[in-house]
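Engineer: Here it is: the structure, laid out below.
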Amino acid sequence: MAIIGGGPSGLLLSQLLNRAGVDTVILERSTREHVLSRIRAGVLESGTVELLREAGVGDRVELHGLPHDGCYLTDDDLMVHINFKALTGKQVMVFGQTEVTTDLYSAQDAMGTMIIHGVEDVRITDLDQSQSCVEFSIDGVSKKLNCLYVAGCDGFHGVSRNTIPLGVRREYERVYPFGWLGVLSETPPANHELIYANSSHGFALASMRNENLSRYYVQVPTTDKVQEWSDDRFWSTLKKRLPSDTAEAMVTGASIEKSIAPLRSFASEPLRWGNLFLVGDAAHIVPPTGAKGLNLAVSDVYYLHSALIDAVKAKRSAGIDGYSDRALARIWKAMRFSWQMTTMLHRFDDEDSFAAQMRKASLNHLASSETARRELAENYIGLPY
Ligand code: FAS
Ligand code: PHB
């Protein structure tokens, strides 16, 4: 198996395949340090925790992860608690993607898996043959990797998706007119559970990594640059958007990471082209408002790993033949939830007063309807695989 991309998708797929006796080679464009320097997801669905456990990398999640029973949705004068545990019997786990990726790299090193960093000019060929080939160069030397199957785990800007002919691909996209400015600070979290704040000043999210490491986001125009945002400007903007008592009590401090992420909804179908299978961000992108990005990558891995083991070890192709449709069924539901959370919680510059009323009504409905809260909770904790 050739796996293009050494992010969470590629590493988790490789780990599960290796444990089932399927050999893999991971080709990663960046250095390991660069991969691990990216601050991304923070919330793991229970299905994700389960699969990490099955892959043998669940120990630190259990030890250091923060189980959360719920979260809050607020606007200027309303605070709605979504009690996942009471509504669905399930929790989510707050544990940073960086930690997951670190654990996967350690496990893959222990497995002796070949991970080649710094690859360039990756090209995938012979996908319609019994044996495919991934060509790449490393330190200026051209190489060829012959393999049975190729997993495209190379993210939104990778080469895999574009290997599928344009005439075959069906792409769907919604680019949002705002981004998220994220800050990591060594301060105690503002609240014991996450707060998704929809205020008249714009969206904010109060999250965390542990009892002394907080993760915050504010909605910013897509034209903003990180260097335009001092820590002071960030904290005063955040406080305006959080409930006043939370804002008054919260501890601020120096940012140790600050970055702006654009928001888009994107999906490309199909997820298979001959011996190539797309996984994770290579196939789909969701706005982080629903905490689905990393978790969707994991459910793709869940479907694909068992299908590939069947194909390689038992020469049964039903799993790989059904992978695309099966994964897309769950992807589109998560796509919908992420889009709904984003449109409900963000102010759009061109929105009229009616749209603002609709957002307020959505929150008021959640406050008064247990059915509405249960629907949101079921999606947030993760729909069944
Ligand atoms: P990744 O993009 O993580 O990994 C792809 C890997 O492929 C990278 O290491 C890249 O270097 C490599 N690659 C690319 N092209 C290659 C090539 N040609 N050859 C070899 N290697 C190549 N999700 C959430 O749930 N919550 C969040 O808050 C959140 N915040 C995010 C913030 C940002 C800025 C971004 C970009 C994403 C965020 N996400 C979030 C989503 C994110 O967590 C992804 O869903 C997750 O990283 C998906 O993992 P992969 O599919 O492995 O893709
Ligand atoms: C985070 O902690 O980075 C985080 C949590 C929940 C989200 C998005 C980001 O929906």
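The values are calculated or read from the model by the stated rules, or taken from the named source; none is laboratory data. Here the structure is a predicted model, which is why all the values come from computation and not from measurement. Glycine gets a Cβ as well: all are built from the backbone with ideal geometry, and neighbour counts include every protein chain shown. All accessible areas refer to the heavy atoms of the entire protein, side chains included, with ligands and DNA or RNA removed. Shrake-Rupley method; radii C 1.70, N 1.55, O 1.52, S 1.80 Å.
Engineer: Of everything in region 54-106, what is within 18 Å of the chain's Cα centre (by Cα) and among the charged types (D, E, K, R)? Give them in sequence order.
Structural biologist: Within region 54-106, 99, 103 qualify.
Engineer: Specify the residue that is nearest to residue 93 (Cα to Cα); the eligible residues are those in region 218-237 that are within 16 Å of ligand 1 (Cβ to nearest atom) and free of Cβ contacts under 8 Å to residues at least 60 places away in the same chain.
Structural biologist: Ranking the candidates gives 218 first.
Engineer: Condition first: in contact (Cβ under 8 Å) with a residue 12 or more places away in the chain, closer than 28 Å to residue 40 by Cα and of a type in the set (Gly, Ala, Ser). Now tell me which residues in region 107-141 satisfy that.
Structural biologist: Within region 107-141, 107, 118 qualify.
Engineer: How many residues are open to solvent by less than 60 Å² (accessible area, probe 1.4 Å), modelled with pLDDT under 95 and touching a strand residue (DSSP E or B) at 6+ places or on another chain (Cβ under 9 Å) if we restrict to region 312-357?
Structural biologist: 1
Engineer: Suppose we filter region 285-302 for residues that are away from ligand 2 (no atom under 16 Å from the Cβ) and open to solvent by less than 10 Å² (accessible area, probe 1.4 Å); how many remain?
Structural biologist: 3
Engineer: Out of (1) in contact (Cβ under 8 Å) with a residue 60 or more places away in the chain; (2) within 21 Å of residue 380 (Cβ to Cβ); (3) within 13 Å of ligand 1 (Cβ to nearest atom), what's the single condition that is false for residue 179?
Structural biologist: (2)
For (1) crowded, with 24+ Cβ neighbours inside 10 Å; (2) farther than 20 Å from residue 205 by Cβ; (3) out of contact with any Phe, Trp or Tyr (no Cβ under 7 Å at 6 or more places or on another chain), each residue gets a yes or a no:
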site	(1), (2), (3)
269	no, yes, yes
273	no, yes, yes
277	yes, yes, no
283	yes, yes, yes
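Engineer: Inside region 335-377, can you point out the residues that are part of a helix (DSSP H, G or I), in the same structural domain as residue 195 (by TED's automatic domain parsing) and among the charged types (D, E, K, R)?
Structural biologist: 359, 360, 370, 373, 374, 375
Engineer: Still on this structure: Which condition does residue 43 not pass, out of (1) over 20 Å from the mean Cα position of the chain (by Cα); (2) open to solvent by 10 Å² or more (accessible area, probe 1.4 Å); (3) within 21 Å of residue 302 (Cα to Cα), if it passes all the others?
Structural biologist: Every listed condition holds for residue 43 apart from (1).
Engineer: Quick one: would you say residue 202 is of a type outside the set (S, T, N, Q), more than 16 Å from ligand 2 (Cβ to nearest atom) and either over 15 Å from residue 287 (Cα atoms) or open to solvent by less than 70 Å² (accessible area, probe 1.4 Å) (or both)?
Structural biologist: Answer is no for this residue.
Engineer: Now, a different point. For residue 372, state whether it is out of contact with any strand residue (DSSP E or B) (no Cβ under 8 Å at 6 or more places or on another chain), at pLDDT below 95 and open to solvent by 10 Å² or more (accessible area, probe 1.4 Å).
Structural biologist: For residue 372, the condition - out of contact with any strand residue (DSSP E or B) (no Cβ under 8 Å at 6 or more places or on another chain), at pLDDT below 95 and open to solvent by 10 Å² or more (accessible area, probe 1.4 Å) - is not met.
Engineer: Is it true that some residue in region 60-73 is open to solvent by less than 40 Å² (accessible area, probe 1.4 Å) and more than 16 Å from ligand 1 (Cβ to nearest atom)?
Structural biologist: So far as region 60-73 goes, yes, one or more of its residues are open to solvent by less than 40 Å² (accessible area, probe 1.4 Å) and more than 16 Å from ligand 1 (Cβ to nearest atom).
Engineer: Within region 48-57, how many residues turn out to be surrounded by 19 or more Cβ atoms within 10 Å (Cβ to Cβ) and not aliphatic (A, V, I, L, M)?
Structural biologist: So the answer is 1.
Engineer: Return a yes/no flag: does region 255-263 have any residue that is surrounded by fewer than 14 Cβ atoms within 10 Å (Cβ to Cβ) and of a type in the set (S, T, N, Q).
Structural biologist: No, because not a single residue in region 255-263 is surrounded by fewer than 14 Cβ atoms within 10 Å (Cβ to Cβ) and of a type in the set (S, T, N, Q).
Engineer: So, one more: Report, by residue number, each residue of region 120-140 that is open to solvent by less than 50 Å² (accessible area, probe 1.4 Å) and either touching a Ser or Thr at 6+ places or on another chain (Cβ under 6 Å) or closer than 13 Å to residue 35 by Cβ (or both).
Structural biologist: Answer for region 120-140, where residues must be open to solvent by less than 50 Å² (accessible area, probe 1.4 Å) and either touching a Ser or Thr at 6+ places or on another chain (Cβ under 6 Å) or closer than 13 Å to residue 35 by Cβ (or both): 124, 133.
Engineer: Now a separate question. Looking at this structure, is residue 161 within 16 Å of ligand 2 (Cβ to nearest atom) and either in a loop (DSSP other than H, G, I, E, B) or surrounded by 19 or more Cβ atoms within 10 Å (Cβ to Cβ) (or both)?
Structural biologist: no
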